[in-house]
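Notes follow once the structure below has been shown.
The values are calculated or read from the model by the stated rules, or taken from the named source; none is laboratory data. Everything numeric here is computed off the predicted structure, so don't read it as measured data. Here the Cβ is made from the backbone with ideal geometry for all residues, glycine too, and neighbour counts use every protein chain on show. Accessible surface is based on the protein model in full, side chains and every heavy atom, while ligands, DNA and RNA are left aside. Shrake-Rupley method; radii C 1.70, N 1.55, O 1.52, S 1.80 Å.
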Amino acid sequence: MKIDESVKKEIQEEMDKIQTPPSLYEFAKNISKESKNRTDVEKSTGRKRGRRKLHFVVAAVISFVILTGSAFLSPTMAEVVSKIPYLGQIFYKPIQEVIWEDLAKEGYQLSAIGMGKWEQKPYFDIELNGTEEYVKQEEGKVINLLNEILDKRGYDNYELMVSAKNENEVSSVQKEIDKQREELGEKLMSDLEGAGYPIMNVNTYGPVVSVYIPIDDEAKKVEIYKAAIELLKANETPKQVQVITRDLSEEEIESRWMPVMSSIEEELFLKKEYEVADIRYSYNPEKVSITIMTNMKSSDIEDNQTTIKISKEVIEFLNSEEVKRMTENQKYELFIQDKNGDNFLF
């Protein structure tokens, strides 16, 4: 990875300003001792790694502690780090967390931060504590602050909404309905488990009750379906039922990959140049599949160049040591599609 001279200079200037904690020097003094102990352990367990390589890894860890630690504390250093591909993406806080902290520093009390997509446009919905009059008065200031925060990350593809917390947003009737659905789900799950069926979860919030099980056995699915129908009738809440197989390992994999996928989504959705419409995943034990759907044309030369840029950034990010550690170095495949659903070649 090549960094231009101006960025190198900025990094050096900021590094010179950093006061290294004494504990870090103490840690550095013990590198030789710790590496010897680690090498002895590796020999006893049959793993072969050279001591020279271990020394390099430990030294690299110290550098990253200094660099990334200051990235969270110094705005100037954060700006410098943001110019280095992937380092910022791996170690930066999620944008929602940054927004919350920065607005709180300005004296605003937040109730919630929503982030989603509406008509292919990412949006942020910032909910403030206070009256409607107060929020209307502060809306312009808050939006200016939000634009500054997002601009620092290079994000230029979003809409902003600022609203007041509505204490009566959920009616008493809706609260009662939600309570009944929750109780029904808990009872149905308890009764099915009591009947000896392996149940992972029950969702009763939709028009169709979803029952999740960890086995792919059609005969058992039919049994559970019939039992669920009868139990719902007995509770005078007749509903349609679907029984869905969910591999436990898939849930574990999804949990591992979630922060990684969030970083990818934040980077790709919030920049206009990428024209990303949606991102979909499948979490299989053998291989995780990532499909990035765009609004680009495969026949357009510029769009193909943008696709190459996306693939390069995502692949380098996924192949970084930090991400491989988080995902336990699981295999993955990446697809980028044009607006017609055809795969780009990259």
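Would you say V241 is surrounded by 14 or more Cβ atoms within 10 Å (Cβ to Cβ), outside any helix (DSSP H, G or I) and without any contact (Cβ under 8 Å) to a residue 60 or more places away in the chain? Judged against the criteria, V241 is a match.
Okay, residues lined up against (1) more than 30 Å from I279 (Cβ to Cβ); (2) among the charged types (D, E, K, R); (3) loosely packed, with under 14 Cβ neighbours inside 10 Å:
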{"position": "L103", "(1), (2), (3)": "no, no, no"}
{"position": "G107", "(1), (2), (3)": "yes, no, yes"}
{"position": "S111", "(1), (2), (3)": "no, no, no"}
{"position": "Q120", "(1), (2), (3)": "no, no, yes"}
{"position": "Y123", "(1), (2), (3)": "no, no, no"}
{"position": "G130", "(1), (2), (3)": "yes, no, no"}
{"position": "K136", "(1), (2), (3)": "yes, yes, yes"}
{"position": "K141", "(1), (2), (3)": "yes, yes, yes"}
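Selection of first residues in region 251-273 that are within 21 Å of F124 (Cβ to Cβ) and of second residues that are among the hydrophobic types (A, V, I, L, M, F, W, C), restricted to Cβ pairs under 6 Å at least 6 apart or on distinct chains, gives the following pairs, ordered by first then second residue: E265/I279; E266/I95; L268/V276; F269/V276. Yes or no: region 300-321 includes at least one residue that is of a type in the set (S, T, N, Q) and either in contact with a Pro (Cβ under 9 Å, 6 or more places away or on another chain) or modelled with pLDDT under 90 (or both). Scanning region 300-321 turns up no residue that is of a type in the set (S, T, N, Q) and either in contact with a Pro (Cβ under 9 Å, 6 or more places away or on another chain) or modelled with pLDDT under 90 (or both).
So in region 143-154, with the set limited to residues that are in a helix (DSSP H, G or I) and open to solvent by less than 70 Å² (accessible area, probe 1.4 Å), which one is farthest from N295 (Cα to Cα)? Only one residue fits best here, namely L145.
Residue-by-condition table, conditions (1) surrounded by 15 or more Cβ atoms within 10 Å (Cβ to Cβ); (2) at pLDDT below 90:
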| residue | (1), (2) |
| --- | --- |
| E176 | no, yes |
| K187 | yes, no |
| Y197 | yes, no |
| G206 | no, yes |
| V211 | yes, no |
| A219 | no, no |
| L231 | yes, yes |
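Total residues in region 281-299 satisfying the condition of being touching a helix residue (DSSP H, G or I) at 6+ places or on another chain (Cβ under 6 Å) and farther than 15 Å from E250 by Cβ: the figure is 2. All conditions but one from (1) in a loop (DSSP other than H, G, I, E, B); (2) modelled with pLDDT of 95 or more; (3) among the charged types (D, E, K, R) apply to E328; the one that does not is (2).
Cβ contacts < 9 Å: first residue touching a residue at least 12 places away in the same chain (Cβ under 8 Å) and farther than 13 Å from L268 by Cα, restricted to region 282-296; second residue open to solvent by less than 40 Å² (accessible area, probe 1.4 Å) and of a type in the set (F, W, Y), any location; separation 6+ or different chain. Result? Pairs found: Y283/W257; V288/W257; S289/Y283; M296/Y274; M296/F344. Considering S262, S320, the condition of being on the phi < 0 side of the Ramachandran plot, over 14 Å from the mean Cα position of the chain (by Cα) and open to solvent by less than 70 Å² (accessible area, probe 1.4 Å) is satisfied by S320 alone.
Right, E252: closer than 22 Å to N329 by Cβ, charged (D, E, K, R), open to solvent by 60 Å² or more (accessible area, probe 1.4 Å) and not in a strand (DSSP E or B) or not? So E252 fits the description; yes.
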